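**Student:** Here you go, one structure.
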Amino acid sequence: MIVRDRKDAKNSQVDEEKFVSRRYTLRADGMGHSVHETYIKPGQSLHMWYRNHKETVICMEGEGRIEDLTEGGSWDLKPGVLYALDKNQKHILSSEEGMTVLCVFSPSLVGPEDHDERGSYPFYDDDGSIVQH
C-alpha cells in the first residue's frame with residue numbers, strides 16, 4: 001500500500017511561473033497512472049496540449065475555466081467539476097483567483113516532466129531518457 005501526504009508529494013514538486021504541481025504518485029509506483037495536486041496561480045492562463053498523455057482533472061478548490069481548442073467549447077470550473085482530455089485536446093486552463101485541481105495522467109509521469117514550448121510533456125522512458133517529444 002502506498003500512503004503519502006502533501007509533505008511527501010512536495011519532494012517531487014514542480015514549481016513553474018503559472019502553477020505548482022505536487023506529484024503524489026509516479027511511474028515508479030507501478031499504478032499505471034500518476035496523481036498530482038496542481039495549484040493554478042491567480043491570474044494565470046495555461047495553454048497546454050498533452051500529446052503523449054491522457055489527463056483527467058477535477059477541481060477541488062477555487063474557480064477557473066477550461067477551453068477546448070481542438071473540438072471547441074468552454075466550461076466553468078468549480079469544486080466538484082471534472083473534465084477529461086480523452087482525445088489529447090489542445091486547451092487553455094485559466095483561473096483569476098487561483099484554483100487547486102487533482103490531475104490523473106496516463107501513462108504515468110516519471111517525475112521530471114515540464115511543459116515544452118507547445119504546452120506538452122515529453123514521454124520519458126523509465127531511465128529518464130525522452131522517448132517522444
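**Student:** With θ set to phi - 60° and the Karplus curve 6.51 cos²θ - 1.76 cosθ + 1.60, what are the ³J(HN,Hα) couplings of segment 60-73 in order, to the nearest whole Hz, using x for Gly and Pro?
**Tutor:** Per residue, the Karplus-derived 3J(HN,Hα) values read 9, 7, x, 9, x, 8, 10, 10, 8, 8, 8, 9, x, x Hz.
**Student:** Could I have the simple spin-label model distance between Met60 and Ile92, label points 7 Å from Cα toward Cβ, reported in nm to one decimal?
**Tutor:** 2.7
**Student:** Dipole of segment 6-110 (Lys/Arg Cβ +1, Asp/Glu Cβ -1, origin at the Cα centre): which of Met99, Gly62, Val35 lies farthest to the positive side?
**Tutor:** Val35
**Student:** Using the Karplus curve 6.51 cos²θ - 1.76 cosθ + 1.60 with θ = phi - 60°, what ³J(HN,Hα) values do you get for each residue of segment 100-110, in whole Hz, with x for Gly and Pro?
**Tutor:** Once rounded to whole Hz, the list reads 10, 10, 9, 10, 10, 10, 9, x, 4, 7, 7.
**Student:** Taking Cα atoms of segment 45-133, Rg/Rh with Kirkwood Rh, to two decimals?
**Tutor:** Working: Rg = 13.3 Å, Rh = 13.6 Å.
When Rh is taken as the Kirkwood radius, the ratio is 0.98.
**Student:** Moving on. Given a Förster distance of 35 Å, report the FRET efficiency between Asp68 and Ser129 from their Cβ-Cβ distance, rounded to the nearest 0.05.
**Tutor:** Numbers: r = 32 Å, r/R0 = 0.91.
So the FRET efficiency works out to roughly 0.65.
**Student:** Now for a separate question. Go ahead and estimate [θ] at 222 nm for the chain from helices alone: -39,500 (n - 2.57) per DSSP H run with n ≥ 4, summed, over the residue count, rounded to 500.
**Tutor:** On the way: 1 runs with 5 residues, N = 133.
Computed mean residue ellipticity for the chain: -500 deg cm²/dmol.
**Student:** Ok, one more. Where nothing but the Cβ of Lys and Arg (+1) and of Asp and Glu (-1) is charged, how large is the charge dipole of the chain around its Cα centre, in debye to the nearest 20?
**Tutor:** Values: 16 positive and 24 negative charges, 43 e Å.
For this selection, approximately 200 debye.
**Student:** Same structure again: Can you tally the net charge around Ile58? Count Lys and Arg as +1, Asp and Glu as -1, for every other residue whose Cβ sits under 12 Å from the Cβ of Ile58. Please report the intermediate quantities before stating the final value.
**Tutor:** Details: positive: Lys78; negative: Glu37, Glu55, Glu61.
Here the count lands on -2.
**Student:** Per residue of segment 52-58, in order, report the coupling 6.51 cos²θ - 1.76 cosθ + 1.60 (Karplus, θ = phi - 60°) as ³J(HN,Hα) in whole Hz, putting x for Gly and Pro.
**Tutor:** Values, residue by residue: 9, 9, 9, 9, 10, 9, 10 Hz.
**Student:** Here's something else I'd like to know. How many lysine pairs in the chain, separated by 8 or more positions in sequence or lying on different chains, have Cα atoms less than 24 Å apart?
**Tutor:** Counting lysine pairs in the chain gives 17.
Read the figures in this text as sums done on the coordinates, not as results from a lab. Quick caveat, the model's predicted, so the values are computed rather than measured. Methodologically, a virtual Cβ is constructed for each residue, glycine included, from the backbone with ideal geometry; neighbour enumeration extends over all protein chains shown.
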